[in-house]
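Here's the structure we're looking at; comments come further down.
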Amino acid sequence: MFQDVFYGMESVRQKVYKEFNKTQESVSEDVQIIRKWLQTQPHLPEIMSDIAISKFLMLNKFSIEKTKQKIDMYYTIRSLLPDMYDQCNPKLPCMKAAIDSCYFFLHPVVLEESNRVCMFKLKKPNTNTPREIIMLGMNFTELRLAEDYAMYDVWIFDLATYSLNDSLKLTPSIIVKTLTIYEKVFSLRVKALYLLNTPSYISNILAFLKTLVKPKLFNRIHIHQDAEVLKEIFSDDILPKDYGGSGPSLEQLNGLMKVKLEQFQDRFDQLDQMRVDESLRPEKLVNNDILGFHGNFKKLNVNMYQDVFFGMESVRQKTYKEFNKTQESVNKDVQIIRKWLQTQPHLPEIMSDIAINKFLMLNKFSIEKTKQKIDMYYTIRSLLPDMYDQCNPKLPCMKAAIDSCYCFLHPVVLEESNRVCMFKLKKPNTGTPREIIMLGVNFTELRLAEDYAMYDVWIFDLATCSLNDSLKMTPSIIVKTLAIYEKVFSLRAKALYLLNTPSYISNILAFLKTLVKPKQFNRIHIHKDAEVLKEIFTEDILPKDYGGSGPSLEQLNGLMKVKLEQFQDRFDQLDQMRVDESLRPEKLVNSDILGFYGNFKKLNVD
């Protein structure tokens, strides 16, 4: 058993087939179905071997359609993530250095319930390079496609020699890409993940991981301060000597993996040459369907503090689950709205499917409400020209607005899919309310393209807000702002926190109470200081300005500036977009939409 990594596979194969009520004959029939499908996919670089096809069928619980998707991604992912896959051949110096820097192996003995143990431990701190070690694990998976029939995985990470510096090397970007590969290609069949000898700082990685994986999977992570649990996982005769057993040592088990990698060197050389030919793909590849992001993953940096909207795939799935929706049912709703848009000649464009999707989400997937809000998304620009004219982020007045304050969307989505929007003037008497409000509306435009957070938590720190700033916030501006958020974007505020509140804020609140529903007004929380932020944010994401270890307000503001610049073309398009009322199928009645008769432009509610 300790001379080959994959011994005794016949009994394991029979056990797996029995679990899924399959026979060798029925599996062979399924393999031929996949083989015939592969012959119709000219973009793929090879016809996969029958053995590998049978393994993909097994990993996908013998679902034909899921197996097709995963096999396509097995080849496609190499082009989508070149920064992970390039330079991962085991014969390369960087990869040899990786396996020499650690104990990293598949244990030859398959546990009960067809569980394969994968174990990792650094030989000494600060010698590993996460990308190489992760791709070493991917190379192990390549071996398993050829010889392994174990169905599930048990991962064991001994962190006794894992330093804080090692932890910092494991960036959110690498974690996301690794999970993407395992889930979208190899189905992430993890029965348990054990973290042994865990240092305190590992909690930051776990907090981030919790935002990405399903609760069912996250609950399979077990934290231990020592390695005693290994005596429960392994019998004494197979427990490595390093942990008090009589089995082979970590060094010996590592040596088995080196031999197995060398035996498959020809396959790794072949893989270096394999890329899909997208020009021959029968149906165009849509990255967001596969990876949860638009564009080339190569260009994506999903570090939570390098992109405002990171980790959106898990948030999207959570939102769909809340409303009992699937991607398929949402796609059907999107097409209904798209067909309706084609019957609305007064509107200036056919909205993108992504934006339609977001409007459906904001309106709890009500088709009719979504139609109303999409119409108002365009119409409001003509009804409120004093708000919408001159709001392009590139204009001097708008650049002055974002420079006068800290105004940003926090990259980390809170529990219950809440997106935090925070505001604080840098100093008194510098804000111009109309520009700052429209800055917030521009943020909403970004969210229509990339954000799947469902609800809002607004935080206004008024420590630097003067009486003069308060007087600038006229009733007219308040009414128009509420009209935009309620009549276009559905005003999904879970909470509004006013921090460091001066006494004169009561006048604004008294007026606001006459405009919003009691349910919304009761979500306004008044605080004399900013201590409540320590309840909203964990210490690692609370901005430094408030005593946390997260990025500063200035850094978070900088993220928003970058994101606005990335969407400049869209803002330029919006400047040209107005409805043509002469083509509207049914006459617009302002009172039905904004609650007032006549043109809102002429309204004076001061």
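The values are calculated or read from the model by the stated rules, or taken from the named source; none is laboratory data. No experiment lies behind these values; they were computed from the predicted model shown. Note that we place each Cβ from the backbone using ideal geometry, even for glycine, and neighbour counts take in every protein chain shown. Note: accessible area is taken over every heavy atom of the protein model, side chains too, but ligands, DNA and RNA are not part of it. Shrake-Rupley method; radii C 1.70, N 1.55, O 1.52, S 1.80 Å.
Listed values, structure above:
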item: Pairs, first farther than 29 Å from residue 453 by Cα in segment 494-518, second modelled with pLDDT of 75 or more and open to solvent by 60 Å² or more (accessible area, probe 1.4 Å), C-beta under 8 Å, six or more apart; result: 502/467; 504/467; 505/526
item: Residues that are within 19 Å of residue 425 (Cα to Cα) and free of Cβ contacts under 8 Å to residues at least 12 places away in the same chain, drawn from segment 369-402; result: 396, 399
item: Residue match in segment 38-47 (condition: over 30 Å from the mean Cα position of the chain (by Cα), free of Cβ contacts under 8 Å to residues at least 40 places away in the same chain and open to solvent by 40 Å² or more (accessible area, probe 1.4 Å)); result: yes
item: Residue satisfying condition, being on the phi < 0 side of the Ramachandran plot, at pLDDT below 90, touching a Pro at 6+ places or on another chain (Cβ under 7 Å) and surrounded by fewer than 14 Cβ atoms within 10 Å (Cβ to Cβ), within set 321, 284, 298; result: 298
item: Qualifying residues in segment 561-587 (those that are assigned to a helix (DSSP H, G or I), among the hydrophobic types (A, V, I, L, M, F, W, C) and surrounded by fewer than 16 Cβ atoms within 10 Å (Cβ to Cβ)) - the one modelled with the highest pLDDT; result: 583
item: Members of segment 514-531 found to be surrounded by 13 or more Cβ atoms within 10 Å (Cβ to Cβ) and either charged (D, E, K, R) or in a loop (DSSP other than H, G, I, E, B) (or both), listed by number; result: 515, 516, 523, 527, 530
item: Residues within segment 175-198 that are open to solvent by 30 Å² or more (accessible area, probe 1.4 Å) and either β-branched (Val, Ile, Thr) or farther than 19 Å from residue 115 by Cα (or both), tallied; result: 3
item: Conditions (1) touching a helix residue (DSSP H, G or I) at 6+ places or on another chain (Cβ under 8 Å); (2) of a type outside the set (Phe, Trp, Tyr); (3) surrounded by 15 or more Cβ atoms within 10 Å (Cβ to Cβ); (4) farther than 29 Å from residue 284 by Cβ; number of the one not met by residue 55; result: (4)
item: Subset of segment 237-268 that is more than 17 Å from residue 156 (Cα to Cα) and without any contact (Cβ under 8 Å) to a residue 40 or more places away in the chain - its residue that is surrounded by the fewest Cβ atoms within 10 Å (Cβ to Cβ); result: 266
item: Count - residues of segment 15-26 that are outside any loop (DSSP other than H, G, I, E, B) and surrounded by 14 or more Cβ atoms within 10 Å (Cβ to Cβ); result: 3
item: Condition check for residue 180: β-branched (Val, Ile, Thr), out of contact with any strand residue (DSSP E or B) (no Cβ under 7 Å at 6 or more places or on another chain), under 22 Å from residue 311 (Cα atoms) and modelled with pLDDT under 95; result: yes
item: Selected residue (only one of 227, 207 is assigned to a helix (DSSP H, G or I) and more than 30 Å from residue 53 (Cβ to Cβ)); result: 207
item: Count of segment 479-501 residues which are open to solvent by 30 Å² or more (accessible area, probe 1.4 Å), at pLDDT below 90 and of a type outside the set (D, E, K, R); result: 2
item: Subset of segment 540-560 (residues that are modelled with pLDDT of 90 or more, open to solvent by 10 Å² or more (accessible area, probe 1.4 Å) and in a helix (DSSP H, G or I)); result: 544, 545, 546, 554
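Conditions tested, residue by residue: (1) polar (S, T, N, Q); (2) out of contact with any helix residue (DSSP H, G or I) (no Cβ under 9 Å at 6 or more places or on another chain).
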| residue | (1), (2) |
| --- | --- |
| 11 | yes, yes |
| 16 | no, no |
| 36 | no, yes |
| 51 | no, no |
| 60 | yes, no |
| 67 | yes, no |
| 76 | yes, no |
| 111 | no, no |
